[in-house]
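The values are calculated or read from the model by the stated rules, or taken from the named source; none is laboratory data. It should be emphasised that the depicted structure is a prediction, and the values quoted were computed from it without experimental measurement. Don't worry about glycine lacking a Cβ; one is built from the backbone with ideal geometry, like all the others, and counts go over all protein chains shown. Side chains included, ligands, DNA and RNA excluded: accessible areas come from the protein's heavy atoms. Shrake-Rupley method; radii C 1.70, N 1.55, O 1.52, S 1.80 Å.
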Amino acid sequence: MSRFSGIRRSLTWVALIGSVTLAAVFTLIRATDPSDGARISFYGDSWSTAGIVIAPIDQPAPGLQDGDLVTAVGGRSMESWLTDSTSRDVARPTSAAPIPYAIVRDGAPLAIDVQWSAPSIWATLLAGWSIVAFSIGVAVIAGSVYARRPEVPAATAMVLFACGAAGSSVPWFLGTTVSGIVQGAPFLLHLLLTGPLYMVLWPAGLHFALAFPTPAATLARRRWLVPAIYAVSLGAYLVGMAVTRVTTSSDLLWAGTWPTVQVAVIVPLTLLALARFIAVAVQTRDPQDRTRLRWAWLGLAWGLTIGLVFFMLPELLIGRPLLPESWIGLAALPIPLALAAAILRDHLFDIEVVVRRTFVYGTLTLGVIATYVVVAAAINALVGSDHGPGVELLATGVAALVALPLRDALQGAVNRLLYGERDQPLRAMRRLGQRLDLAADPARTFPAIVETVAEALRAPYVRLDVVDDAGHVEMAALHGSSAPATVDVAIDHGADRVGTLVLGVRTGEQGYRADELELVGDLARQAGAAIHALRLRADLARSHERLLVAREEERRRLRHDLHDGLGPSLAAIGMRAEASAELIDSDPGAARALLDELGSDVQTTLADVRRLVEGLRPPALDELGLIGSIRQQAERLDTATAGGPGILIAVVATPDPLPNLPAAVEVAAYRITVEALTNAVRHADATSCRVALTVVDGSMLTIEVADDGHGLPRRVARGTGLESMEARAVELGGSFRVERKRGGGTRLAATLPVAPGSTLIGLASPADASTDPARS
């Protein structure tokens, strides 16, 4: 801490302690010094060239009454006493004997003797307890804030604000007296506290507005600005006092202008501070600063609400405030409390709760008061106002009956406004279900999910990340702008993770409550089913696309083979047959030679036909069955490796023989198994391989091919063979997996549904073979 900072902090503490001490000293003087107990109001027509009108709140001395005009005390005019209040050469009366007063009462001059005595101000202080509470409270609050955050510029401004408020409130409430002017010193102390010290409060308000929630850039560039605010404000006040002194004909009239001078300085400062607060509220984008501003506005709103609801409006409507005027200090106390919370708290997580409760109970209070006033006014209009407490009792009962349903309605409205539908989860789930029913494609489904979640929780930010079949995560939909803090909620369907909801935390909160997360979980389950359905739809679309591509490729191959291979061969056979027929009479030897060549061509053409047929469906399946054809292919592969160490291939079936399987399942199982055996022989360097085909519950065929080779590499490059095997399994609605065996080797596992009712199998069932273009 720099030397300058230490001096500044010390002076700040001295200012706060000094102002509170001066207020306490004034209160002690008013309580112990002999006095006439007659308070003088600074406002209205209390001050004139004739004298001073008294408005006592203490117990006045015998002989004085409220409204008396005091013209002279002890033979000297009040003008003279006020002029000589600072003089030490003037002989001043004492309480040893009664003092003659010259007064005017109801227009008639009177001379009375007044005995000064120690006034009883404790009843007055008790009646003004809220003013005392405010003075003490604002000093304690400001001191606590400054003790914990002395480096925050707004804390310094708050202390100076408290100096003006705490130092002047109680002296202003107690007021000065005629005897205080005669004595001189009590009046001058009162003038100091309710004049210059009070005027510190208003530039401190502008200072606070410039420093809160973060200091304005101009304060950093122009360090002289803050002292200038106080200097200009107090200078303007002193200039106004000097000008009015010159322009008035007496000191008594001059004293009557002091409140006007104060107002002339206070109004511009107040308007500037409010303009600054409004500008900051509009321009601030930082979440923490906006939360602090909410606290400040909340304190101001509470103060205005208390003043309007309990004092001003009832005074206008029913002629009296709902609370005693001694409670008026409560209207100002929420302001320093809210400002302290805004400065001290680092996160301010519960501001939304405070705003919610403020709105609910503030509106509820207004509603109850309005009900009470309307009912009381209506009863008085119907039956008159001379029915005693019965009218008030009935009005209070009606207001109480209105309070409970009104409170429930307000609480529900505010909860929906701030937190969405967390208290009504069924409504949120119903809305999501309706939107998902209407959204049949991802372009509409994913936005419907994030919008429903955002509306249900009033979340500022919702992002939906979807996991595809390969495990890749992609952003599918987004609502709102990014938030500094987020909460992730997994979206599962069964045992599979299909996505994640990323929720932005609401401003001023740490996270979401347990019931809110439970609601999101319920919505996530619905969303998971929808996402899974879309994945199945996409898989089906891809499978259908692959089937179409495979069919067209097969048609192209068949057309190529028929046109370029079988077609020319049949044409050549026909030409040789015609040539043989022409030569059979003229040259039987040549005809015989052509017929021999024709036989060779027919054999070649038959081989081509067999090759085409085997491309559609291996003949061995029809001749030997699935297990037999696989064993035949295993023997051929074993023979192909006869020059090497060889491989032992075992083929087992459960049950053996296998039941009749759909043609598509047989072909897929054969192709997958043969491709797996070929990989084991050519690439795995295996010495043994086991093939097991099992029909489970008559509905599923499982294929397992396990070898003892060197196994899969760390990173598997999925080539044409693996992709072909997986495609064959997926096309039939099955699954495919290849993995490293523990201890070495590779294990391939595939499942193919064989239930007669399977739609996918039915697409390629034998009954439809005649209509398949690839087989016709």
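Provide the per residue accessible area, probe 1.4 Å, for the range 7-130, rounded to a whole number of square angstrom.
Averaged over the residues of the range 7-130, the accessible area is 51 Å².
Tell me the label-point distance for the pair Leu547, Leu28, using the 7 Å Cα-to-Cβ offset, in nm and rounded to one decimal.
10.1
Rounded to whole Å, give me the distance from the Cα center of the range 18-34 to that of the range 650-688.
Between the Cα centre of the range 18-34 and that of the range 650-688, the gap is 106 Å.
Please find the FRET efficiency linking Leu570 to Thr678, where r is the Cβ-Cβ separation and R0 is fixed at 35 Å, and quote it to the nearest 0.05.
0.55
Rank-order 129-137, 630-638, 179-187 by packing density, defined as the average count of other C-beta atoms within 10 Å over each peptide's residues, highest first.
179-187, 129-137, 630-638
Can you compute the modelled spin-label distance between Arg671 and Arg444, with each label point 7 Å from Cα toward Cβ, in nm?
3.7
In whole percent, how big is the carbon plus sulfur part of the accessible area of the range 44-173, probe 1.4 Å, protein atoms only? Show your work: numbers first, answer last.
Values: 3510 of 5840 Å².
Whole-percent figure for carbon plus sulfur exposure: 60.
Ignoring ligands, DNA and RNA, what percent of the accessible area of the range 192-265 is carbon or sulfur (1.4 Å)?
74
According to a simple spin-label model (label point 7 Å from Cα along Cα-to-Cβ), what is the distance in nm between Arg592 and Ser95?
16.6
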